[in-house]
Every structure is written in structure tokens, then in C-alpha cells.
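Visitor: Here you go, one structure.
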Amino acid sequence: MSFVPQIKVPATYMRGGTSKGVFFRLRDLPQAAQVPGEARDKFLLRVIGSPDPYGKQTDGMGGATSSTSKTVILSESTKPDHDVDYLFGQVSIDKPFVDWSGNCGNLTAAVGAFAISSGLIDSNRIPDNGICTVRIWQANIGKTIVAHVPVTNGEVQETGDFELDGVTFPAAEIRIEFMDPADGEGALFPSGNLVDQLEVPGVGTVQATMINAGIPTIFLSADEIGCTGTELQEAINGDDKALAMFETIRAHGAVKMGLIERPEDAAIRQHTPKVAFVAPPRDYVASSGKPVASKDIDLLVRALSMGKLHHAMMGTAAVAIGTAAAIPGTLVNQAAGGGGRNSVTFGHPSGTLSVGAEAEIIDGSWRATKVVMSRSARVLMEGWVRVPGDCF
């Protein structure tokens, strides 16, 4: 009995922010996977090790969490005044699908560095020493992101003293600007309201700020759902009843936001929208054991990704947090003390994060013009990934 041998495909395994993913150049993918469709999805599923009924992704590159079950495809940009096109695929752990409905803000930090190192940026635009500005077209949501990547002796500088809560070791700082970050072509607030009364069967009526910035996100008040805002992962992820409640809220919020037609459709759209809950600042101890003082933060935020409480904060959700905090009247802004602001520092399970945001009223509607934050990234491994030749 004969079996098809494995093939090897050039790839780079990178950390970006508090996430990890497998990065590919589009031209390096197998021919069938160079276009969107079933072959591409099957290839990426096999690379990551999904679907895995054991929930471990042992036979692949995934780490069995939403933060580590990720893929990125880059190519020279087809858009004027952009350097690279960035496509993100969130791979389901236990189900056979790849969710292309949104961006990954954390891995965005690694996109610029990968683009420089893999020859996707014109060498004339890379300084010998200094900052290389990489203009990224985020293909999932059709938005521009600008990454400012440090370069030393003509190569990406990865080491440094920038510390990011949720990442163990320091690295070089990469500043990221999300331009006009409203997700897709829709309104910043799809319902037209800063706060909605969201009716959720089995839960009741809850207040919700539903915003399209960075990634579609549903914000709740912690006290209204029986939380404090200081929860760490196990407090939520070990509570099946709480997880079911959040997923039900997410499904009905997604309908209200116009992302799906029926609540049951949320099962095949796991990546978006996100659901998060906010609370005014208070002291707590982060998952690392680091004390976080209420005086050092503006508010508390906890967010769920792919059905579980995130260990830190998704970069795209941080964009939503910064944007909502800048707009008086949202639940996020209220938790931060109200009033106008152009930056916010929030507490998450691993520590704190600061985000700057600019928002203004244009033609009677709120619009986010730019969100800025700092992340870090580095190459963990590079070479080839191997998959069975008949997997796609």
C-alpha cells in the first residue's frame, strides 16, 4: 500500500504581540492554495493541526488557543501607496474551518518585520539604521495599517527593552497606526446607538456598546453580568455556564450588528464579533503575579476570543477599546470616567496596555480616524512546514 509523501513549504513561525502564527509569502504556497477556497483552507488547517477533537493541535503548529491558532499570508501589494497585502486566517481548533472575517491586531506587529525580512519591501525604502515605515493593506477588512519597524545594519531589529504585558521577554518596540479603523464599510456603531438594550433569550436585557473598530466588538458592563472586571482566565474559562452566557450574548449581538442573519450562524463565525466586559478601575493581581494598582489604569477590560477569555488583550479589540473610550457615552467611556479623551490605559488579565485614539463627528456620525499602539515581534523559527501532499 502506497501513501503520498509529505511536501515542504517555506514558512516562518513568528510571535506578534501576545499571539503566535505561521507566516507565508503567497507565492510560496502550493499552487492550489494560492487562491482563496477549499484547497487553501484545507492546507492551513493541516499546517496548524486542525480539526483536533482532542483540542491540543499536537499534529500541527498550533498551540490549541485562539492566540496560537493563526496563519498569515503576505504578498506585494496590489493597492497604490501600500507595500504589502496582509491576509489573516483564524484557524478553528476543533472544527474544520478557517475564519477570514477579521484581522489579528497582535500579529499585525509581525507583518512589517516579516515583509522586510522576506524581500517584500523595496530595498530602497529600508534604512541602514532607523525606522522603516511599512504600509500594510489589511485585506480581510480593507483597511490601511502603518507599522514603524526598527532597523539596525539593514536588518529588522528584534531585541530591545520594550516590555509588553502578556509576553515574558522584552523586545524591540514596533509602533502601529490603524488608519480609519472602522471594520469594513459599515457604520462605526451599526445600530446607530452608543448604547443598546440588547435582548438575549435566557439572559435578559443587557446594555451593550456595539462598535466596528479594529474588529466588531460587543462591550458589556461587568456588574450587569455578575462580573467584577478583575477576572483571570480560569474564573471564566472554568465556568461552562458563563461561557455559554457570553456565547449567547455574542450570537444575538452579532445579529443586531448585521453580521449574521440568525443567532445559530455565530457557530460558523467564531472570530467575529468579539465580546468584552468593562468596569471602573480597581486593584488586582495579574496572571503573572504582578500587582496592578487602580491609580495606574483608567478602566478594566476582559475580552473573549474564540469562546474563551483571552489571556491578555487582542490587538484589534484594543483598537475597539481605544476608539470607544474616546467617544463620550459608550460603556467603555463611562467605565473610564466619562468625558473626552484621546488615550486610555486599561487593565487586562496579564497587566496593562495603553492605546491612543482619535475620533470625531463627521456629518452627524462618529468616525474613528486613527488608533495607535505599540507592540513587539520576533521570529521564533524559519524554514519549511511539512504537510501530507494529499491533505488539500
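Visitor: Of the conditions (1) over 24 Å from K308 (Cα atoms); (2) aliphatic (A, V, I, L, M); (3) in contact with a Leu (Cβ under 9 Å, 6 or more places away or on another chain), I7 fails just one. Which one is it?
Guide: Every condition holds for I7 apart from (3).
Visitor: Moving to a separate point now. How about the range 227-264: which of its residues are free of Cβ contacts under 8 Å to residues at least 12 places away in the same chain and surrounded by fewer than 14 Cβ atoms within 10 Å (Cβ to Cβ)?
Guide: Passing the criteria: E234, G238, D240, K241, A244, E261, R262.
Visitor: Can you name every residue in the range 82-125 that is polar (S, T, N, Q) and either closer than 28 Å to A266 by Cα or surrounded by 18 or more Cβ atoms within 10 Å (Cβ to Cβ) (or both)?
Guide: Step one: filter the range 82-125 for residues polar (S, T, N, Q), giving 90, 92, 101, 103, 106, 108, 117-118, 123-124.
Correct list: Q90, S92, S101, N103, N106, T108, S117.
Visitor: Among the residues of the range 306-313, is there at least one that is among the aliphatic types (A, V, I, L, M), modelled with pLDDT under 95 and surrounded by fewer than 17 Cβ atoms within 10 Å (Cβ to Cβ)? Give the steps one after another, and end with the answer.
Guide: Residues of the range 306-313 among the aliphatic types (A, V, I, L, M): 306, 309, 312-313.
Within this subset, residues satisfying the condition of being modelled with pLDDT under 95 are 306.
Remaining after also requiring surrounded by fewer than 17 Cβ atoms within 10 Å (Cβ to Cβ): none.
No, that holds for no residue.
Visitor: Additional query: Going by the structure shown, is K79 out of contact with any strand residue (DSSP E or B) (no Cβ under 6 Å at 6 or more places or on another chain) and either part of a loop (DSSP other than H, G, I, E, B) or buried (at least 24 other Cβ atoms within 10 Å of the Cβ) (or both)?
Guide: Numbers: out of contact with any strand residue (DSSP E or B) (no Cβ under 6 Å at 6 or more places or on another chain): no; either part of a loop (DSSP other than H, G, I, E, B) or buried (at least 24 other Cβ atoms within 10 Å of the Cβ) (or both): yes.
Judged against the criteria, K79 is not a match.
Visitor: Still on this structure, please answer the following. I need the full set of residues from the range 99-154 which are more than 21 Å from S374 (Cβ to Cβ), in a strand (DSSP E or B) and touching a Gly at 6+ places or on another chain (Cβ under 8 Å), in order please.
Guide: Scanning the range 99-154 gives a single hit, D99.
Visitor: Within the range 289-296, identify whether any single residue is out of contact with any Ser or Thr (no Cβ under 6 Å at 6 or more places or on another chain), part of a helix (DSSP H, G or I), closer than 19 Å to G166 by Cβ and not β-branched (V, I, T), and answer yes or no.
Guide: yes
Visitor: For the subset of the range 18-50 comprising residues that are over 21 Å from the mean Cα position of the chain (by Cα) and either small (G, A, S) or closer than 30 Å to S287 by Cβ (or both), which member is least open to solvent (accessible area, probe 1.4 Å)?
Guide: Across the range 18-50, the extreme among qualifying residues is A33.
Visitor: To continue, here is another question. Could you please tell me which pairs satisfy a Cβ distance under 8 Å, a separation of 6+ or placement on different chains, a first residue in the range 146-160 that is over 9 Å from R175 (Cβ atoms), and a second residue that is of a type in the set (K, R)?
Guide: Correct list of pairs: E158/R378; T159/R378.
Visitor: Follow-up question, since we're still on this one. Scan the range 292-316 and report the pairs whose first residue is without any contact (Cβ under 8 Å) to a residue 24 or more places away in the chain and whose second residue is surrounded by fewer than 24 Cβ atoms within 10 Å (Cβ to Cβ), with Cβ atoms within less than 8 Å and a gap of 6+ or a chain change.
Guide: Final answer for the pair search is A293/D283; S294/P281; S294/R282; S294/D283; K295/P281.
Visitor: Residue check: is E173 among the acidic types (D, E) and touching a residue at least 60 places away in the same chain (Cβ under 8 Å)?
Guide: Details: among the acidic types (D, E): yes; touching a residue at least 60 places away in the same chain (Cβ under 8 Å): yes.
When the stated conditions are applied, E173 passes them.
Visitor: Is there a residue in the range 48-71 that is under 30 Å from T159 (Cβ atoms), in a strand (DSSP E or B), at pLDDT 95 or above and not acidic (D, E)?
Guide: Looking for residues that are under 30 Å from T159 (Cβ atoms), in a strand (DSSP E or B), at pLDDT 95 or above and not acidic (D, E), one finds at least one in the range 48-71, hence yes.
Visitor: Here is a list: V301, V372. Which entry is crowded, with 24+ Cβ neighbours inside 10 Å, farther than 30 Å from V47 by Cβ and not charged (D, E, K, R)?
Guide: On the way: V372 fails: crowded, with 24+ Cβ neighbours inside 10 Å.
Within the list V301, V372, the selection yields V301.
The values are calculated or read from the model by the stated rules, or taken from the named source; none is laboratory data. In this text the structure is predicted, and so the values were computed from the model without any measurement. Backbone-built Cβ (ideal geometry, glycine too); neighbour counts: all protein chains shown. All accessible areas refer to the heavy atoms of the entire protein, side chains included, with ligands and DNA or RNA removed. Shrake-Rupley method; radii C 1.70, N 1.55, O 1.52, S 1.80 Å.
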